[in-house]
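The values are calculated or read from the model by the stated rules, or taken from the named source; none is laboratory data. Since this is a predicted model, take the numbers as computed values, not measurements. Please note: Cβ atoms are built from the backbone with ideal geometry, for glycine as well, and neighbour counts cover all protein chains shown.
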Amino acid sequence: MLFERITSEGLAHHSYILGDRGSAVVIDPRLDCDVYVDIASKNGMRITDILETHRNEDYVTGSVELSALTGASVWHADPELDYQYGAPAREGQVWKIGSWQIEAISAPGHTLGSMAYVLKDPAGVPHAVFTGDVIFAGDVGRVDLLGMDRAEELAGMLYESIFQRILSLGDGVLLCPAHGAGSVCGSAITDRPWTTVGMERLHNPKLRVGSRAEFVKSVAVELERPPYFRRMEELNLKGHRFKRHAVPPLSPAEVGEALDECVILDTRSEVAYGGAHIPASQFIWTDGLSALAGWFLSYDMPLILVGDEIDRATRILVRMGYDEISGYLSGGMLAWHMAGLESSSVRTVTVQELCRHLDQGGQAWILDVRSDEEVSEVSITGAHHIHVTQLPRRMDEVPRERAVYIFCGSGMRSMVAASFLKRHGWNSIAVVLGGLAGWKSVTCPVVRQV
């Protein structure tokens, strides 16, 4: 039997292809979906059905695109939503895959109509369960997406789905979620590469509760909701097609002419960006795109990329619905400078330099853009905390007339914040390179929580 998991880097998204005796099924496909066609073809199989566990919020689903490529039928969850493609999966519905079968079981909680799919062997014994965002390795699905006024209701549904339906399948059943560690769909997903129902029963903190009420209390919490989630919800109701076009190289002159109509996205290292970049460009390093692009980029203007991994950056952006990419700067910043065009820079200081500056009586307004969890463990006395994802709606809290030193754990997120503030008129900015390990200021000491 064919059983393969496809992980989309950055988004920590898992999709699956299952096949036997010439037919195959795909669960929760991504938008750039040639990978499933290739796998099926290599194994002499035809994709007949595409199953969705729920309407996804963090990436563009590839169901419509994959159906167009293969002719496969699409079955979606959340039947109360106004899908413009496919048909709703029903509780108890069965799909045959050779001598194996997949059965749909209702698993509401993360969304009102979430579905899980149980893979059964030829003897009818459950072999694996595909849980979508109902349960992950080390965590469970968030229940705040319909608003906190319904969070406890959904948490109660999630409890029933997990404890009465998923866990009852048996400890030896392979548990296959739609996301791994790093996803914004859970706050504490672990990096266990594979897990089982039994492992989650024993090791998942959210499942080690004494009662339904305790579970609801621990799960019904509000998490950060990236603005781009709304866009994903819209696209995943309509059904989105993959725009198959190469991102063209652009000369420095062509990029210069497009500055008023495009957003320049620079995905190089924070040091390279700080040294020289196109004025008014937004910095987000390639590995940070999936976590931060949705907070700092809109869908209203096309993108032009600057960086060394254009193909990789493009793949990540397209999976988040950013498929209006006009091109990339051919030759990079070297070509830009050789064309005689203006560049900007961001002042950088080491953490040791800032500490010496403070201890010698220098003035500094420190902006700490780390997460709440990071700050709760170790904080800097006198620093002003605004998580990097909250900066777009709280930037007016940052003074324009004072020298602002931006701090995070390394300098990467600080440079994201610095580029955003510079785009919006802040000029006296410095990024602090290095983390807390080098912080030794006497006047602004760090405070470690025990």
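Residues of region 1-58 that are in contact with a helix residue (DSSP H, G or I) (Cβ under 7 Å, 6 or more places away or on another chain), in a loop (DSSP other than H, G, I, E, B) and touching a residue at least 60 places away in the same chain (Cβ under 8 Å): GLY10, LEU11, LEU31, ASP32, CYS33, GLU52, ARG55, ASN56, GLU57, ASP58.
For region 119-143, the set of residues classified as surrounded by fewer than 20 Cβ atoms within 10 Å (Cβ to Cβ) and in contact with a helix residue (DSSP H, G or I) (Cβ under 9 Å, 6 or more places away or on another chain) consists of PRO126 only. Does GLY409 qualify as being outside any helix (DSSP H, G or I), at pLDDT below 95 and out of contact with any helix residue (DSSP H, G or I) (no Cβ under 8 Å at 6 or more places or on another chain)? No. Selection over region 16-54 of residues that are within 22 Å of ARG244 (Cβ to Cβ) and surrounded by fewer than 19 Cβ atoms within 10 Å (Cβ to Cβ) gives a count of 9. Under the condition of being aliphatic (A, V, I, L, M) and under 25 Å from the mean Cα position of the chain (by Cα), the residues counted in region 78-89 number 1.
Considering (1) crowded, with 16+ Cβ neighbours inside 10 Å; (2) modelled with pLDDT of 95 or more, say which one ARG394 fails and leave the rest. Answer for ARG394: the failing condition is (1).
Candidates are the residues of region 251-304 that are free of Cβ contacts under 8 Å to residues at least 60 places away in the same chain and in a helix (DSSP H, G or I); the one that is farthest from the chain's Cα centre (by Cα) is GLU257.
Among residues belonging to region 222-239 that are assigned to a loop (DSSP other than H, G, I, E, B) and touching a helix residue (DSSP H, G or I) at 6+ places or on another chain (Cβ under 9 Å), point out the one that is surrounded by the most Cβ atoms within 10 Å (Cβ to Cβ).
GLY239
Taken together, VAL431, VAL447, VAL442 contain a single residue that is farther than 15 Å from ARG356 by Cα, among the β-branched types (Val, Ile, Thr), more than 24 Å from the chain's Cα centre (by Cα) and surrounded by fewer than 14 Cβ atoms within 10 Å (Cβ to Cβ), which is VAL447. Of all residues in region 405-427, those being small (Gly, Ala, Ser) and either surrounded by 18 or more Cβ atoms within 10 Å (Cβ to Cβ) or more than 27 Å from ASP287 (Cα to Cα) (or both) number 5. Checked against (1) among the aromatic types (Phe, Trp, Tyr); (2) in the same structural domain as ASP139 (by TED's automatic domain parsing); (3) not in a helix (DSSP H, G or I), PHE242 passes all but condition (2). For region 56-77, taking the residues that are surrounded by fewer than 24 Cβ atoms within 10 Å (Cβ to Cβ) and modelled with pLDDT under 95, the one that is farthest from the chain's Cα centre (by Cα) is identified as GLU57. It is to be established whether one or more residues within region 189-208 are crowded, with 16+ Cβ neighbours inside 10 Å, in a loop (DSSP other than H, G, I, E, B), over 20 Å from the mean Cα position of the chain (by Cα) and not hydroxyl-bearing (Ser, Thr, Tyr). Yes, the conditions are met somewhere in region 189-208.
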